[in-house]
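A short reminder: the numbers here are calculations on the coordinates, not readings from a lab. The structure presented is a predicted model; accordingly, all values stated were derived computationally and were not measured. Neighbour counts are summed over all protein chains in view; Cβ atoms, including those assigned to glycine, are modelled from backbone coordinates with ideal geometry.
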Amino acid sequence: MEQDPGGEIGIMGREYPEYPIVGVSAIIFKDKAVLLVRRGQEPGKGRWSLPGGVVELGEGHLEALERELREELSIKIEVGGLAGVFDKIFRDGKNRVRYHYVVVDYWGWLVQGEPAPASDVSEVKVVPLEELEEFETDRALKKIIRRAYHAWQQGTNNPDTNLLK
């Protein structure tokens, strides 16, 4: 970590961090479809993923999710439950950790706004679930989307999520 001229510890960079960075993302359902975003920045620039971002210091993870969705897409969701917690580790050509995120994924549904991409997102797409298998994203993401959709259809709520609202 760098120090500023006043001697205080500066903000840790996202690239080649000293510690994993906590992130949040959302599996957002709209009828029988899921909302996906094309990443506008590294890591994974140009790839389809879930909307979300980094938890800021002093911010709760659900607060961070709400803020990120508002900033990235101008939307609000109702959180239905926890989908999972995942490590996203990206290494460079020398096998050094270039990015390391611990991402908390929630599932929910759109309650306000029409998704419109902002700075971190280059494109937004609502993908019908019956087209998900052919969609250009990785298998792990497809699997967690299917699992979250099943939980939504079963009415499975995560009681821990409700306590944090």
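Observations, loosely collected:
- Under Karplus coefficients 6.51, -1.76 and 1.60, residue-wise ³J(HN,Hα) of region 32-38 in Hz, glycine/proline x: 9, 9, 10, 8, 10, 10, 8
- Residue 126 versus residue 63: modelled label distance in nm, points set 7 Å from Cα along the beta carbon direction: 3.1
- Considering only 140, 26, 118, the Gaussian network model of the chain with Cα springs below 10 Å gives its largest mean-square fluctuation to 140.
- Helix 139-154 vs. the chain, principal-axis angle (Cα, 0 to 90°, nearest 10): 50
- Sequence-distant residues sharing a close amide H with residue 84 (under 5 Å, placed H): 105
- For region 116-128, the Karplus equation 6.51 cos²θ - 1.76 cosθ + 1.60, evaluated at θ = phi - 60°, returns couplings of 9, x, 10, 4, 7, 10, 9, 7, 10, 9, 9, 9, x Hz by residue, with Gly and Pro reported as x.
- Shown for 94, 32, 88: other C-beta atoms within 10 Å of each C-beta, ranked fewest to most, produce the order 94, 32, 88.
- Spin-label pair residue 133-residue 146: with each label point 7 Å from Cα along the Cα-Cβ axis, the two points sit 0.8 nm from one another.
- Scanning residues 5 or more positions from residue 55 or on other chains, those with amide H under 5 Å from its amide H are 22, 23, 24, with H placed 1.01 Å from N in the peptide plane.
- Amide H contacts of residue 98 (H built 1.01 Å from N, in plane; Pro and chain starts excluded): 90, 91, 92 sit under 5 Å, all sequence-distant by 5 or more or on other chains.
- In the set (i) 0.94; (ii) 1.16; (iii) 0.99, the label that goes with Rg/Rh (Cα atoms, Kirkwood Rh) computed for this structure is (iii).
- The residue list 90, 44, 132 was ranked by how far each Cα lies along the charge dipole of the chain toward its positive end, using unit charges on Cβ atoms, and 132 comes out on top.
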